Amino acid sequence: MNRVFVLGVDGGAPQLLLKWKDDLPNFRKIMTEGVHGQLISTVPSMTCPAWNCFATGKNPEKIGVYGWEYIGPSHKLTLSDWSTRYLPTIWRLVSRAGKRVGVVGVPLTYPPESVNGFMVSGFPIPPNRKDYAFPRRLIGEIEGLVGEYEPEPKSVSLAYRPGIQQFLNNISEYNHKMLAITEYLMERYEWNLFITCFVSPDRVQHSLWHFMDQNHPYHPKNSDELSSNAIFNFYKELDMILGTILEKTDDSTYFFIVSDHGFGPCHGFFSVNDWLLKKGLLTVEARVKMRIEKKLYSILEGQSQSMKILRRTIAKTDLFMFLLRLLQNIYGLTLTDVHGKLERDFYETINWSKTKAIGVGGERIYINRDLLSDEKYEEFKRELIRSLSEVRNPVNGEPIINEICTKDQLYGENCLGYPPDIICATTNWKFRCYPQGSLWCNPFPVYGAHKRAGLIMIRGSGVVPQEINARITDITPTILYILSVPVPSDVDGEILKQIFSADTELGRKMPTYEDASEKKRVAKKIRRLREKWVVVSDRRRPR
């Protein structure tokens with residue numbers, strides 16, 4: 001009986017594996033013995049919705065999730081329900097077919113599902129929750145094995161007080177915990193499908209890409225060996241983890257390595273909402289920068305007299321980035337924490353009666369339809385797209401946006417949920433959403449950014465070595481095919497049948513599909529009802 005093991009490498013960069021393959025013997029082994037290539041991610045290329053699309057074989061419009069948050073009829077920035085518990089995921093389909101599944105650390109899987117096997121949720125998990133695994137007894141087994149369970153590394157970016165050595169130590173500690181949990185569950189429990197995911201590649205590359213990349217505008221001229229080789233050494237550690245897992249699989253196991261997106265440099269940020277403010281398309285109730293500074297000052301309240309003096313000095317000199325660095329160095333707060341809070345506060349200041357467009361994370365823009373008729377909406381959208389296409393890199397004058405799509409072009413007319421009106425694909429610049437008085441800012445602390453070309457490798461009996469290009473939605477139907485589980489008829493991905501030799505069973509047999517039309521209708525109705533409930537209740541979930 002066929003088995004499938006999937007190693008999820010969040011943010012795995014195929015170009016780095018090709019560059020370093022001679023130093024990564026286990027990755028090279030799979031490249032040589034199986035298929036490898038690029039796995040094209042979603043638009044936008046983000047953890048959410050990409051892992052959802054991986055798990056279902058469907059594009060975002062059939063799931064109704066386009067990012068971590070959205071702006072709906074309530075005009076509030078609302079967290080999407082990005083969990084997978086309502087979706088026809090691969091682990092649910094395999095469980096229903098009577099086969100055993102194991103899922104460990106896959107993002108967006110909290111709360112865990114009651115599968116025919118076990119599930120240990122990946123990030124995000126609300127703080128201090130002890131319900132992250134199914135069956136519940138696994139929690140005791142996991143904590144007895146590794147201590148505190150970490151759905152993601154403790155330091156999620158280099159903007160963290162302990163510095164680069166401690167940052168890397170935290171990354172390594174996370175890796176070894178995830179490996180220990182994976183090994184333990186592989187050996188202790190039966191499974192036909194096992195999926196484990198490491199999110200550490202994403203965190204390392206976000207923070208350290210500029211040390212490795214000599215063409216990066218922020219590449220330090222005198223960086224030490226620890227910094228310069230950090231990403232290379234990380235991939236070597238990941239290769240050893242892969243080797244350990246490979247030793248525990250046999251010839252009847254098909255081995256997949258996949259990433260939710262790729263990675264590359266980030267040269268800086270374009271403040272899209274500052275740009276909209278300057279164009280008069282966005283209006284706020286108060287000076288946004290004053291609101292931001294006030295919130296930052298409140299974090300410093302109740303400290304020593306010297307801090308009060310320093311606070312007054314900062315207020316006079318208006319050193320915004322200095323204050324952010326101060327929070328980092330003194331309080332150990334990550335800039336990600338601060339940025340997230342400031343951004344959420346900013347959206348509360350918007351005057352929607354005078355706002356026509358607003359930018360949100362993932363290079364997405366929502367248009368306020370309440371102020372525009374259908375005809376005016378189309379006219380306004382065209383003009384906004386034209387203006388965005390004219391935005392130029394302040395360093396060399398080149399466009400920072402290489403493609404602009406509308407929701408109809410990308411998602412079609414019958415998409416679920418609340419998709420953005422405009423989605424931009426940028427070059428090496430990213431959008432920043434909270435205004436800070438300037439259109440451009442340096443990339444600190446994010447020197448590496450998501451790219452659409454992710455990673456795919458497959459090895460197994462009858463797999464013909466070759467280089468392929470696939471889509472992230474192709475993984476689920478291909479695995480279902482290998483496991484002889486019917487593929488839902490409404491998936492967007494395709495079975496990668498071309499990877500199998502024609503004279504093998506998998507090369508010869510015809511796939512089976514199940515009619516998903518009725519299930520699709522019911523699922524769509526349920527999701528519509530849930531979306532209405534979210535708007536009415538203004539629900540917020542911990543991130």
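Conditions (1) modelled with pLDDT of 95 or more; (2) closer than 16 Å to residue 453 by Cβ, marked per residue:
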{"residue": "24", "(1), (2)": "yes, no"}
{"residue": "28", "(1), (2)": "yes, no"}
{"residue": "33", "(1), (2)": "yes, no"}
{"residue": "40", "(1), (2)": "yes, yes"}
{"residue": "44", "(1), (2)": "no, yes"}
{"residue": "55", "(1), (2)": "yes, no"}
{"residue": "60", "(1), (2)": "yes, no"}
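For residue 86, indicate whether it is within 23 Å of residue 126 (Cα to Cα), in contact (Cβ under 8 Å) with a residue 60 or more places away in the chain and buried (at least 22 other Cβ atoms within 10 Å of the Cβ). When the stated conditions are applied, residue 86 does not pass them.
For segment 152-172, the count of residues that are of a type in the set (D, E, K, R), buried (at least 19 other Cβ atoms within 10 Å of the Cβ) and at pLDDT below 95 is nonzero. Picking from residues in segment 431-450 that are surrounded by fewer than 21 Cβ atoms within 10 Å (Cβ to Cβ) and not aromatic (Phe, Trp, Tyr), the one that is farthest from residue 266 (Cα to Cα) is 437. For segment 92-109, the tally of residues that are buried (at least 23 other Cβ atoms within 10 Å of the Cβ) and not in a strand (DSSP E or B) stands at 7. The set of residues from segment 447-503 being in contact with a Phe, Trp or Tyr (Cβ under 8 Å, 6 or more places away or on another chain), among the hydrophobic types (A, V, I, L, M, F, W, C), within 27 Å of residue 46 (Cβ to Cβ) and not in a helix (DSSP H, G or I) comprises 449, 456, 457, 458, 487, 495.
Total residues in segment 201-232 satisfying the condition of being in contact (Cβ under 8 Å) with a residue 60 or more places away in the chain, in a helix (DSSP H, G or I) and surrounded by fewer than 20 Cβ atoms within 10 Å (Cβ to Cβ): the figure is 3. Within segment 247-255, is even one residue surrounded by 14 or more Cβ atoms within 10 Å (Cβ to Cβ), under 26 Å from the mean Cα position of the chain (by Cα) and either at pLDDT 95 or above or part of a helix (DSSP H, G or I) (or both)? Yes, the conditions are met somewhere in segment 247-255.
The values are calculated or read from the model by the stated rules, or taken from the named source; none is laboratory data. Computed from a prediction, not measured in an experiment: that's the story for all the values here. No Cβ is skipped: glycine too gets one built from the backbone with ideal geometry, and neighbour counts run over all protein chains shown.
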